[in-house]
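See structure below.
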Amino acid sequence: MGGGGMRKAPSMEWRWVSTEEDDEGEEDGDTVEAAAAAVGAVGRGGSFGSEEEEDEEDGGGGGEGEGEGEDGEKQKLIRTVPSVDWFDVEGYEVSVAQHIEDSEEFDFGRTMFLALQTLAVVFGDIGISPLYTFDVMFSKYPILGEEDVLGALSLVLYTLISMPLVKYVLVVLWANDDGEGGIFALYSLICRNAKVSLIPNQVHSEKRMSSFRLKLPTPELERSIKVKEKLESSLLLKKLLLGLVLFGTAMFISNGVITPAMSVLSAVSGLKVGIPNASQGLVVMISVVLLVILYSVQRYATSKMGFALGPSLLIWFCCLGGIGIYNLSTYGPAAFKAFNPLYIIYYFGRNPFQAWLSLAGCLLCATGSEAIFANLSYFPVRYVQSMFALLVLPCLVLAYLGQGAFLIANQNSSEQIFFSSIPSGVFWPVFLIANLAALIASRTMTTAIFQCLKQSIALGCFPRLKIIHTSRKFMAKIYIPVVNWFLLFSCLGFILLFRSIYDVGNAYAIAELGVMIMATVYVTIIMLLIWETSIVKVLSFVITFLSLELVFFSSSLSSVGDGGWALIIFASGILMVMFIWNYGSKLKYDSEVKKKLSKDLMRKLGPNLGTIRAPGLGLVYSEIVKGVPAIFGHFLIALPAIHSIIVFVCIRNVPVPVVPQTERFLFQRVCTRGYHMFRCIARYGYKDKNQESQSTFERLLIEGLEKFIQREAVELSLQSGDDIDSDEEPPTPSRTIVAPNGSLYSLDVPLLADFVPSAEVIPEASCSTPQHDPVVDYTQNLELELAFIRQAKQSGAVYLIDNPIVKARKNSWFFKKLIINYFFAFLRNNCRRAMMSMSIPHTNVMQVRLTSYV
């Protein structure tokens, strides 16, 4: 290779075409590809390699693959190169993504630290399930004999093995989005590999970021390409995918409300075993107090107190395993018969209807499976898998086997089974540890909800909220105050409404299954689209787990009247908020795109824009990535002067976890050079910290703008005769006037004459088309424009922000008016704006509120 750090210029996309069609366009395609590679190499200032070298980078398999179409005609898999514009050239400058390799040098101290943290953050929820699983299960299926206990125990064991272990730990964890887990991470991973997002929040050059991983061409791509084309061409499928992820998120948030209520209430209920006269009212009151304390210290628990939770969970899992071993040794090993799956058949054969009803309680042994995936951002996949297989799963199996042995010997005990099976000598220590574990489990789900909501906010599916990063070292540790208190009041509402673990358990199963079903659907799509898994494995996965989950879900829905109705209402409210925000945001975005100022209007106004250009930097915030926003026309009319340099800033949350700071900004010229107007896209991933402070943002933006102009000058000096206008405008003739003192002034470069050192400077250098010596012209013009930017920087920056009042058109249908004029308006007025997160001084902000009809 020629230049160090050089990369392949274009991002190749692949499609199948017939051999005849490919032969006709082969020559043109090769020309376009070569030109694009040359432009990319020049834009980077490096050399570009030979055709053989590029083939090696593509995987050594060449640029084409052959196959047969449905009608038997031969087809070829060819590369299609996107058109190159200035955003693409800027986007080639990517750094190598830094990832923690699993094969790095072993460090025992770090390994133990991560192991303990994994217990506290990832497995807290599933570790508390032995407190209530059999209680809820046998409330629907009374124990009549040993076979009933063995059948229920066998059902629990195989559910525990199939759902958390096989599905989540062995399969779903690998569907993470660069280390991020959760239902929205699955959706964003699909959006990055297929254009299925309904809000176009991704410019083409975002695929050049180092966080994006493009797959090499293989013969197995055919099925993946067909799936991609189907998803991208069907509006119904796009809406369905979005609807499913919103539904899954609503269920996950509901799960996060139910988990603290169920965990703490079931742990405190053990008080009635230690103190037989304790009333249910006392249990509820203590539960409420513990939850208030938990959520009050949640902000600190996320960063500081979390280090003490790992050892506490380790002690808890040891207690589960130890109590299980004690019960097996005390009451006999008969519970090991439950590993025979025939007892499940006997269980359903004795009483089919009640066995079907008890499935909802059986699923509670797998609660917390989604939390394992959602909290993945804290740890490597291998650590999570190892901890579950070596510690968590064995301790849970021993706990359930011990409870089964206890029930076989005490068939009349169907309430508080876990606490009743504890040896009397260690009851109170275990009771205290159980309550601490329940609080940790509640914290686990709360932190998972914080991560999920941050991802949904970044992808435009939830109103913007204040997010606080509680750790300087770990970016994933966040705290959302509004959500924290909302979860507290919702959780208290469920406890005070139902007051027992049985009704809360019915709602718990519905929420957990809703998330599981959505995860199965999205992982299946990822298998087909991204992993390119064989169809046999895909069908085995989706048929096995989707059928099991639908059977469990049917059982859970049968108990809607016993507590599930409250969760359905709660989840519907969350879903409605997300739908309204996404629907209103899309209508607003479409309206802004339609109202863009035309290029013809900008040409007619000329470089002075029909007004006076005063020294300074004007940052016009807009949500569109192409064209001139309509609000800029209002500023031109309403203001007596406009800034000498205008930058249209668009803050974009792209569907990747982290955007390196070197790739944060993309720049592009708007109109010709004389207008001094630029477009800037500031890109942030959903794992990135909130936008920088105002001073840091301005500094990074100006530095990026200067680098863009310098790179542009080098590019144009090597491509003399080409028009630099990124919007493909025709060149504007140079217009000059002679001042009384003899100095030359160019009407195409407002205010630039102050920097002309002498009349010898060629005024044509300001035009988009070089006339004579391009090297000299561009060199002088570069120095002139950089000095111009420095003077604008010294004059200060002003943020021109449009905060429109969005309303539905008068001829809109009633429900649209209700949604947009009232609900969406309420959400917009009570959420944070992207630019406001930088704490811009009021003296630097000019905000306009116009009515925008959608």
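The values are calculated or read from the model by the stated rules, or taken from the named source; none is laboratory data. Being a predicted model, the structure only gives us computed values, none of them experimental. Neighbour counts run over all protein chains shown; Cβ positions are idealised from the backbone, glycine included. The area values use the complete protein model at the heavy-atom level, side chains included, leaving out ligands, DNA and RNA. Shrake-Rupley method; radii C 1.70, N 1.55, O 1.52, S 1.80 Å.
The table below lists the values:
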| quantity | calculated |
| --- | --- |
| Residue list for the range 361-386, filter: assigned to a loop (DSSP other than H, G, I, E, B) and either at pLDDT 85 or above or open to solvent by less than 10 Å² (accessible area, probe 1.4 Å) (or both) | Thr367, Gly368, Asn375 |
| Test set (1) surrounded by fewer than 19 Cβ atoms within 10 Å (Cβ to Cβ); (2) hydrophobic (A, V, I, L, M, F, W, C); (3) under 30 Å from Cys452 (Cα atoms) - Leu342 fails condition number | (3) |
| Residue within the range 413-422 that is among the aliphatic types (A, V, I, L, M), within 30 Å of Phe336 (Cα to Cα) and either in a helix (DSSP H, G or I) or open to solvent by less than 30 Å² (accessible area, probe 1.4 Å) (or both) present | yes |
| Flag for Leu609 being without any contact (Cβ under 8 Å) to a residue 40 or more places away in the chain, over 28 Å from Asn193 (Cα atoms) and either open to solvent by 10 Å² or more (accessible area, probe 1.4 Å) or assigned by the TED database to the domain that holds Phe788 (or both) | no |
| Gly460 vs. criteria under 27 Å from the mean Cα position of the chain (by Cα), part of a loop (DSSP other than H, G, I, E, B) and of a type in the set (Gly, Ala, Ser) | yes |
| Residue check for Leu575: open to solvent by 40 Å² or more (accessible area, probe 1.4 Å), touching a residue at least 12 places away in the same chain (Cβ under 8 Å) and touching a helix residue (DSSP H, G or I) at 6+ places or on another chain (Cβ under 6 Å) | yes |
| Within the range 790-808, considering residues that are part of a helix (DSSP H, G or I) and charged (D, E, K, R), the one farthest from Tyr621 (Cα to Cα) | Arg790 |
| Phe486 assigned to a helix (DSSP H, G or I), assigned by the TED database to the domain that holds Gly182, farther than 28 Å from Lys140 by Cα and at pLDDT 90 or above | yes |
| Which listed residue, of Val551, Val560, is in contact with a helix residue (DSSP H, G or I) (Cβ under 8 Å, 6 or more places away or on another chain) and either at pLDDT 90 or above or buried (at least 19 other Cβ atoms within 10 Å of the Cβ) (or both) | Val551 |
| Total residues in the range 549-573, condition within 21 Å of Met163 (Cα to Cα) and over 28 Å from the mean Cα position of the chain (by Cα) | 6 |
| Residues of the range 175-209 classified as open to solvent by less than 10 Å² (accessible area, probe 1.4 Å), at pLDDT below 80 and under 19 Å from Gly243 (Cβ atoms), total | 0 |
| Residues (out of contact with any strand residue (DSSP E or B) (no Cβ under 9 Å at 6 or more places or on another chain) and open to solvent by less than 20 Å² (accessible area, probe 1.4 Å)) located in the range 436-452 | Ala437, Ala438, Ile440, Ala441, Ser442, Arg443, Thr444, Met445, Thr446, Ala448, Ile449, Cys452 |
| Qualifying residue in the range 527-546 (condition: assigned to a helix (DSSP H, G or I), within 30 Å of Asp503 (Cα to Cα) and either of a type in the set (Phe, Trp, Tyr) or not assigned by the TED database to the domain that holds Val136 (or both)) | yes |
| First in the range 628-645 and in contact (Cβ under 8 Å) with a residue 12 or more places away in the chain, second anywhere and of a type in the set (Gly, Ala, Ser), Cβ under 6 Å, 6 or more apart | Pro629/Ser622; Ala641/Ala614; His643/Gly616; His643/Gly618; Ser644/Ala792; Ile645/Ala792 |
| Subset tally (residues that are open to solvent by 30 Å² or more (accessible area, probe 1.4 Å), more than 22 Å from Val257 (Cβ to Cβ) and among the hydrophobic types (A, V, I, L, M, F, W, C)) for the range 578-606 | 5 |
| Within the range 500-538, considering residues that are under 24 Å from the mean Cα position of the chain (by Cα) and of a type in the set (Asp, Glu), the one least open to solvent (accessible area, probe 1.4 Å) | Glu512 |
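One line per residue, one yes/no per condition, for (1) at pLDDT below 90; (2) buried (at least 24 other Cβ atoms within 10 Å of the Cβ); (3) within 20 Å of Ser312 (Cα to Cα):
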| site | (1), (2), (3) |
| --- | --- |
| Thr118 | yes, yes, yes |
| Val122 | yes, yes, yes |
| Pro130 | no, yes, yes |
| Thr133 | no, yes, no |
| Ser139 | yes, no, no |
| Pro142 | yes, no, no |
| Gly151 | no, yes, no |
| Leu155 | no, yes, no |
| Thr159 | no, no, no |
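Listed here are the residues, each with its yes/no results for (1) within 30 Å of Glu592 (Cα to Cα); (2) at pLDDT 80 or above; (3) open to solvent by less than 60 Å² (accessible area, probe 1.4 Å).
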residue	(1), (2), (3)
Thr736	no, no, no
Ser766	no, no, yes
Glu783	no, yes, no
Gln794	no, yes, no
Ala797	yes, yes, yes
Met836	yes, no, no
